[in-house]
Amino acid sequence: MESVTAHARIWTPDTAPAAKRDLWAAFKRGLRGRCPRCGEGKLFRAFLKVDDHCPVCGQDFTHHRADDLPAYLVIVIVGHIVVPAALWIETHYSPEVWLQLAVYLSFTFVASILLLQPVKGAVVGFQWALRMHGFDDNPPGEISPG
C-alpha cells in the first residue's frame, strides 16, 4: 500500500497554483479603459492602441490578442439596437427614406465609435482574467500546475 506522502503535493512559490483573478472586476476595469490588474493605469495609449504596459503596476499588455473580436461585438450590440428600432419606427410612423438613412447611419456610426474602445478594453480585461495569450504568470512552455 502506498504511503500518503507519495500522493501529497508540496507547493513551493514556483509550483503553487496561480491565484484566481476576478473576471468581473477585470471586465469592468477594461470597459473603463483601465488596467485589468490594478484598475489605476490607463489601458490605451491611443484610441484603439493598447499600451505596452501599465504605467502604475507594470502589467505587460503585449500579449493581448483582441484582434477583430471587439469590432464583431460592436456590430452585434449596435445591430441589436438599430434594427429593432428601425423596424418599429417604419411600421408605426413610415418616415421618409432620406430621413431614416440620415438618422440610422448617423446613430450607427456614432454608437460604433463610442463603443469600440470600451469593448476592446473589456476583451483585454477578459483575456487577462482568464490568463489567455501569455497573461499567465508562468514562462512560455511551462505547464501550469493544477
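Only the coordinates and a few stated rules stand behind these numbers; no lab work does. Since this is a predicted model, take the numbers as computed values, not measurements. No Cβ is skipped: glycine too gets one built from the backbone with ideal geometry, and neighbour counts run over all protein chains shown.
At a glance:
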| quantity | calculated |
| --- | --- |
| Summed residue charge, Cβ within 13 Å of Arg32's Cβ, Lys/Arg positive, Asp/Glu negative | +4 |
| Local electrostatic count, His53, Cβ distance below 14 Å [Lys/Arg +1, Asp/Glu -1] | +1 |
| At most 10 other Cβ within 10 Å, DSSP loop - chymotrypsin sites (Phe, Trp or Tyr not before Pro), region 58-94 | Tyr93 |
| Unit charges on C-beta of K, R, D, E only; dipole of region 20-129, Debye | 560 |
| Cleavage-rule hits (trypsin sites (Lys or Arg not before Pro)) in region 48-123: DSSP loop, at most 13 neighbouring Cβ within 10 angstrom | Lys49, Arg65 |
| Selection of GluC sites (Glu not before Pro), region 39-146, meeting DSSP coil and at most 15 other Cβ within 10 Å | Glu40, Glu96, Glu142 |
| Amide hydrogen neighbours beyond the local backbone of His53, cut-off 5 Å, H modeled | Phe61 |
